[in-house]
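Scroll down for the structure; my scribbles are underneath it.
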């Protein structure tokens, strides 16, 4: 029986992915071991199919004719790809959480995440990504949307919550997400849970 052509399998999977997708070796763990996947990703970089963000992290680039340059990958996608590669659970926090929920239009200077992994910082071009270790109860056994909302509310603080804040978060959640949030957030700090109840009404 012939051996599968791992390079072509990885190439085809990347070509079928959406523009801007970020990849790490662990995304192809079902194809081959990490070292061999890494070699394949380097080959695909040489072919121009993907571009390197930093060591071990690549993305499927989009070229802007208007800007006459490649568009950088979404920092949030890069942050989650790094976490996938190490098996960390991560949730955006601080200004990053506010930005992703549409509560702030300011692009974060540092993209920050709470994680069950170690404290780490990564930089590429003009972007910095920071992981802060936290207890599992803040990020485990709850959905990413619930955890994101909790982190955003913590960043704003009890006195920073406005009616507009509640309405904007509510508008960005599906009925199913609000239903899950009511259940998952009941062990959060009491004032946060009171705000979440307003969001879920």
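The values are calculated or read from the model by the stated rules, or taken from the named source; none is laboratory data. What you see is a predicted model; the values in this text were computed from it and never measured. Reconstructed Cβ throughout: ideal geometry from the backbone, glycine too, with neighbour counts over all protein chains shown.
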For this session: Please enumerate the residues belonging to region 150-201 that are more than 17 Å from residue 104 (Cα to Cα) and not in a helix (DSSP H, G or I).
Result: 174, 188, 189, 201
For this session: Go through region 17-40 and give me each residue that's in a loop (DSSP other than H, G, I, E, B) and either loosely packed, with under 14 Cβ neighbours inside 10 Å or in contact with a helix residue (DSSP H, G or I) (Cβ under 8 Å, 6 or more places away or on another chain) (or both).
Result: 18, 19, 20, 21, 24, 29, 30, 31, 32, 33
Exercise. Does residue 78 count as in contact with a strand residue (DSSP E or B) (Cβ under 8 Å, 6 or more places away or on another chain), touching a residue at least 24 places away in the same chain (Cβ under 8 Å) and in a helix (DSSP H, G or I)?
Worked result: yes
Exercise. Tally time: how many residues in region 114-126 are in contact (Cβ under 8 Å) with a residue 40 or more places away in the chain and either in a loop (DSSP other than H, G, I, E, B) or within 16 Å of residue 94 (Cα to Cα) (or both)?
Worked result: 1
For this session: Go through region 101-144 residue by residue and tally those that are touching a strand residue (DSSP E or B) at 6+ places or on another chain (Cβ under 7 Å) and either closer than 22 Å to residue 177 by Cα or outside the structural domain of residue 182 (by TED's automatic domain parsing) (or both).
Result: 6
Exercise. Out of 52, 43, which single residue is in a strand (DSSP E or B), farther than 30 Å from residue 171 by Cβ and over 16 Å from the mean Cα position of the chain (by Cα)?
Worked result: 52
